[in-house]
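K.L.:
Right, I'll just put the structure down here and ask away after.
Every read-out reported here was derived from the displayed coordinates using simple, explicitly stated rules and does not represent laboratory data. These numbers were taken from a predicted model, which means no experiment stands behind them. Note: ideal-geometry Cβ built from the backbone for every residue, glycine included; neighbour counts use all protein chains shown.
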């Protein structure tokens, strides 16, 4: 399918992205992006089409509606935890054990690895549970958002998750385009996915990059500035920042008379247990494997159930303990919804602009251009950056996989002379590019949710993460280019890439720190400017 709008199909997403970064007003930028799409699509003022897309982004997609409900309910749960003193209790408990930035960062990284079955749940649980702890240790909200975002979707692409099931289904769709089924000569979709993992280099290196940044304590780009600000002043947000949720400003001081750990542990545990049980229950059938259960699980519904019972548990605890009255509980419920309104608005507009790009054929246009410049050597890079640009422009990695995978597999099949040799390469690079595009796009729903649950300014999160994401994809691109030129096994290239990544972190942090006249490790200096011991 060829886009009838051609290069004009790029206008709405690029306008929204540029305006969001320049003005730091994501709601205005997204709305103008959707409206520009409406103008192009209708040939008129585009107002009717604009609000049709906005309405359809919720009304025609139960999944989107469920994510909004989950977000609102989680806001209510977080509010109860805050007002009952649960956040204060967990902060006091954790800071006695997580007594350094390195330990707190590693804990967030480990939690991101453990929570592998869903990226939305990952950002919600890790972001919400670690925010107060990292604030206490003067880790910037930008850094926490980066850790959460870069251990959400990348981790979900490898675990027993809805992502893996979806990826396998996309491989199967690609097979149908070339008229083959998995068997002896052509690997099954599942085997093709397994073989693609070493080529999913962006995700592998992104997870490693978080570990390197946390352990070394080194930063560069705007993250270095954010970490120095946070460490030296205690301001985890920059002056003028507009966090997608601001508990302190909206909810007042927490109950500090006798903060109890159970006020935090019980609601969060209820959320996790109910969500897992709900996912298994919706995906289970006799004879299904764990992966098949994950593939058939209704994670969105499970998250809604989990967040609902989280609110119920928190409310009952508040009432039974006498910390809040019934009237205060109902006020907290409404206040919890209100702190998520900005995030809900941005999510809705992000989905709306995705509908606009779909109607204008943005993905098909970019894919068509990529097909014209493909050679066996350049195949990995072309698929990587075509996928990245589509995800960056549309804000959806799943949508990108749906657009590109059915094209990339026939492309790899044809270039290899109707051989399956390059199919794993194509599959892995589609996933890499899609998630890199997501990580750098201010209109990506997973990036928005990362900002939301960590309480960060969304554009600050995008801008600071951009430096790291580009560094990671550059290393991945170099390794994929070497593969395209030499066909050396990626199992050799991955360790080389890791060494290069470590070298770049040290080199870029030293260069940027020297250029700015500051230390490459923010925590190397105390508030008084004297040298302190490393973590």
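K.L.:
For a quick protection proxy, order the peptides 275-283, 345-353 by their average other-Cβ count within 10 Å, most packed first.
P.N.:
In descending order of packing, they fall as 345-353, 275-283.
K.L.:
Between residue 235 and residue 169, what is the spin-label point distance in nm, taking each point 7 Å from the Cα along the Cα→C-beta axis?
P.N.:
4.7 nm
K.L.:
Still on this structure, I have one more. Obtain the nm distance between the two label points defined at residue 63 and residue 92 by a simple spin-label model: each point lies 7 Å from its Cα along the Cα-to-C-beta direction.
P.N.:
4.4 nm
K.L.:
Could you tell me the extents of region 37-186's C-alpha atoms along the three principal axes, largest first, rounded to whole Å?
P.N.:
If we take the Cα atoms of region 37-186, the spans are 59, 55, 23 Å.
K.L.:
Further question on the same structure: Can you compute the helix-only [θ] at 222 nm over the chain? Use -39500 (n - 2.57) per DSSP H run of at least 4 residues, normalise by all residues, nearest 500 deg cm²/dmol.
P.N.:
Calculated from helices alone, the mean residue ellipticity at 222 nm is -24000 deg cm²/dmol.
K.L.:
Give the peptides 497-505, 485-493, 384-392 in descending order of average Cβ contacts within 10 Å, highest first.
P.N.:
Result, highest mean Cβ count within 10 Å first: 384-392, 497-505, 485-493.
K.L.:
Given a cut-off of under 8 Å on Cα pairs at least six residues apart, what relative contact order in percent is computed for the chain?
P.N.:
Across the chain, relative contact order equals 26 percent.
K.L.:
Length gain on complete extension for the stretch residue 502 to residue 216, per 0.36 nm per residue less the alpha carbon to alpha carbon distance?
P.N.:
Gain in length upon complete extension: 102.0 nm.
K.L.:
Using 0.36 nm per residue, how much length does the chain from residue 8 to residue 45 gain when fully extended, once their Cα-Cα distance is taken away?
P.N.:
Gain on stretching residue 8 to residue 45: 11.7 nm.
K.L.:
Relative contact order for region 263-326: what is it in percent, counting Cα pairs under 8 Å that are at least 6 residues apart?
P.N.:
Working: 69 pairs, mean separation 26.3, N = 64.
Dividing the mean separation by the residue count of region 263-326 yields 41 percent.
K.L.:
How large is Rg/Rh for region 343-478, to two decimals, with Cα atoms and a Kirkwood Rh?
P.N.:
1.01
K.L.:
Working from Cα positions, state the angle (0 to 90°, nearest 10) between the long axis of helix 445-454 and the longest principal axis of the chain.
P.N.:
Roughly 20 degrees between the two axes.
K.L.:
Same structure again: Could you work out how far helix 379-394 tilts from the main Cα principal axis of the chain, as a 0 to 90 degree angle to the nearest 10?
P.N.:
That works out to roughly 50 degrees.
K.L.:
Go through 460-471, 310-321, 506-517 and give me the packing order, highest mean Cβ count within 10 Å leading.
P.N.:
Descending mean neighbour count gives 460-471, 310-321, 506-517.
K.L.:
Can you work out the PRE-style zone for residue 185? Point 7 Å along Cα to Cβ, and I want the residues of region 383-419 with backbone N under 19 Å.
P.N.:
From region 383-419, the list is 409-419.
K.L.:
Could you work out the relative contact order of region 25-158, using alpha carbon pairs under 8 angstrom and six or more residues apart, expressed as a whole percent?
P.N.:
In percent, rounded to a whole number, it is 19.
K.L.:
Could I ask something else about it? Compute the length gained on full extension between residue 110 and residue 345: take 0.36 nm times their separation in residues and subtract their Cα-Cα distance, giving the result in nm to one decimal. Intermediate values should be presented prior to the final figure.
P.N.:
Working: separation 235, 0.36 × 235 = 84.60 nm, distance 3.08 nm.
Additional length available on full extension: 81.5 nm.
K.L.:
Sorted from largest to smallest, which semi-axis lengths in Å does the alpha carbon gyration tensor of region 1-55 give for its equivalent ellipsoid, taking the root of 5 times each eigenvalue?
P.N.:
Over the Cα atoms of region 1-55, the semi-axes work out to 19, 15, 8 Å.
K.L.:
Here is a further query. How far apart, in nanometres, would the label points at residue 338 and residue 269 be if each is projected 7 angstrom from Cα along the Cα-to-Cβ direction?
P.N.:
3.2 nm
K.L.:
Let me ask something additional. Can you tell me the 0 to 90 degree angle between the C-alpha axis of helix 397-415 and the longest principal axis of the chain, rounded to 10?
P.N.:
Rounded to the nearest ten degrees, it is 30.
K.L.:
Shifting gears a bit: Report, please, the projected area of region 282-407 averaged over directions, based on the convex hull of its C-alpha atoms, in nm².
P.N.:
Projected area, direction-averaged: 12.5 nm².
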